[in-house]
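Worksheet: the structure to be examined is printed underneath.
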Amino acid sequence: MEGQGVGRTLRLLRNRLPRLRAGPSQNNTVEAATEPERTQEHSLSSFAGGQHFFEYLLVVSLKRKHSGDDYEPTITYQFPKRENLLRGQQEEEERLLKAIPLFCFPDGNEWTQLTDYSRETFSFVLTNVDGSRKIGYCRRLLPAGPGPRLPKVYCIISCIGCFGLFSKILDEVEKRHQISTAVIYPFMQGLREAAFPAPGKTVTLKSFIPDSGTEFISLTRPLDSHLEHVDFSALLHCLHFEQIIQIFASAVLERKIIFLAEGLSTLSQCIHAAAALLYPFSWAHTYIPVVPESLLATVCCPTPFMVGVQMRFQQEVMESPMEEVLLVNLCEGTFLLSVGDEKDILPPKLQDDILDSLGQGINELKTSEQINEHVSGPFVQFFVKTVGHYASYIKREASGQGHFQERSFCKAVTSKTKRRFVKKFVKTQLFSLFIQEAEKSRNPPAGYFQKKILEYEEQKKQKKSREKTVK
């Protein structure tokens, strides 16, 4: 019976979401957000400058269904309108546009008109099985006007992960939409024609607004690109350091993790932050920042997942058949369900190192960039200390193809507690995907992680040199 229940759940997920292709050059099919999101550095945050900012700007509004009192999210504005598409491209676009409204209004279809509503900024991901993705950046708010009305969503679809920058773009879209949708067009056209800047660079757009005149809008990409897709502030606000470390430990072993929160913004920010802690590794399983009501059966899946669920669905989630789940209540800062061994997964000494580093100088940080670097750093250092020696255990053929020597790699870890952890970690998909990429490359990638590995190796050399001098 249990197997039949799992089968029904998986069939439900397949049927609920339209299948998409990532582009004309891609042959893989994808199910929106139920396939793995691979948060690899090269695919999410290390884009070179020169790419287009976005593919679509959409406005999604609630329209009453023909029968009953429920509402259905519907695209009411689209820029640009695609014309002269080939048949395959047209079908691809239709599937994409059909999926998007579901994630703009994941709360379900029961709505009443409102006079007060706090704006929310959140995101969703439509992910291909090969890791390529489209990201939806959303701003949900109550449009200007008298009397009760329904919220609407501005949604920008892009292949680029840079949440802070797109939040600023949504500010500009919102400002113009209060005047007229016609005012949005020249701004978005200018943005579409501009090249996405390289890390640390700025693009300036010239835009005219009626009654305000010409404005110059500067969009700057963060210099440290491996953190540009995340903001750790919300996670720090909701949870203690010890809890964040336990979530990290669960994610490292690829367990099932559910986040509960009232707001879409909180859910979206916290789940992106949790996935970002795994850098330079990539969460390679189901990843849905905000699960639509119609996809709540996701929490019954037997495979690993990292998902966000609105608090209004807590009871339904709690009553679902789940095994070995970490259920995190972000509103209360508590774990509602856990496996029970989360504190024992990481080597004790390294766990203490993370905790000490997180606590040092946290109150002196002022900017989001400083907070991001402060939070991410200790977790990157954890991976440097446990698996940073991986490149030395890839043997290469004359062709350049590498072969990872797993047994020798694990034996090289001298600490018993570290080795026990590493033996488990090398069996995960997180590590396997990383090593597969490393085996293909003749040299380690010259990214942030490699930089930290080299710094750590130099520190060890200097320490040995000082010890010899003392003797």
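The values are calculated or read from the model by the stated rules, or taken from the named source; none is laboratory data. Note that the coordinates shown come from a computational prediction; the quantities given were computed from them, not determined experimentally. In this analysis, Cβ positions are derived from the backbone assuming ideal geometry, glycine residues included, and neighbour counts consider all displayed protein chains. Ligands, DNA and RNA are excluded from the accessible area calculation, which covers all protein heavy atoms including side chains. Shrake-Rupley method; radii C 1.70, N 1.55, O 1.52, S 1.80 Å.
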Among ASN109, ALA275, VAL299, pick out the residue whose Cα is farthest towards the positive end of the charge dipole of the chain, where Lys and Arg carry +1 and Asp and Glu carry -1 on C-beta, about the Cα centre. ALA275
On the accessible surface of region 348-471, probed at 1.4 Å with all protein chains in place, carbon and sulfur together account for a percent value of 48
With the 1.4 Å probe rolled over protein heavy atoms, the chain has an accessible area per residue in Å² of 48
By Kyte-Doolittle mean hydropathy of at least 0.5 and Cα axial length of at least 24 Å, which whole DSSP H helices of the chain are selected? none
At a Förster distance of 51 Å, what's the computed FRET efficiency of GLN429 paired with LYS175, Cβ-Cβ distance as r, to 0.05? 0.75
Evaluate the charge dipole of region 232-354 about its Cα centre and quote only its size in Debye, nearest 20, assuming +1 on the Cβ of each Lys and Arg and -1 on the Cβ of each Asp and Glu. 260
Considering all alpha-carbon pairs of the chain, what whole percent are spaced by more than 31 angstrom? 46
Expressed in angstrom and ordered largest first, the alpha-carbon extents of region 232-354 along the principal axes are 43, 29, 25
What is the Rg over Rh value, at two decimals, for region 74-158, using alpha-carbon atoms and the Kirkwood definition of Rh? 1.03
Extension gain from LEU355 to CYS331, taking 0.36 nm per residue of separation minus the Cα-Cα distance: 6.4 nm
Shape parameters for region 190-272, alpha-carbon atoms, Rg then Dmax in Å: 18.7, 56
Dipole of region 363-470 (Lys/Arg Cβ +1, Asp/Glu Cβ -1, origin at the Cα centre): which of GLN381, SER408, ILE394 lies farthest to the positive side? SER408
Quick check: the distance between the Cα centres of region 393-466 and region 141-204, to the nearest angstrom? 42
If N is the number of residues in region 363-470, what value comes out of its Cα radius of gyration divided by 2.2 N^0.38 Å? 1.24
Placing +1 on each Lys and Arg Cβ and -1 on each Asp and Glu Cβ in the chain, then taking the dipole about the Cα centre, the residue among PRO151, GLY359, ILE169 whose Cα reaches farthest towards the positive end is GLY359
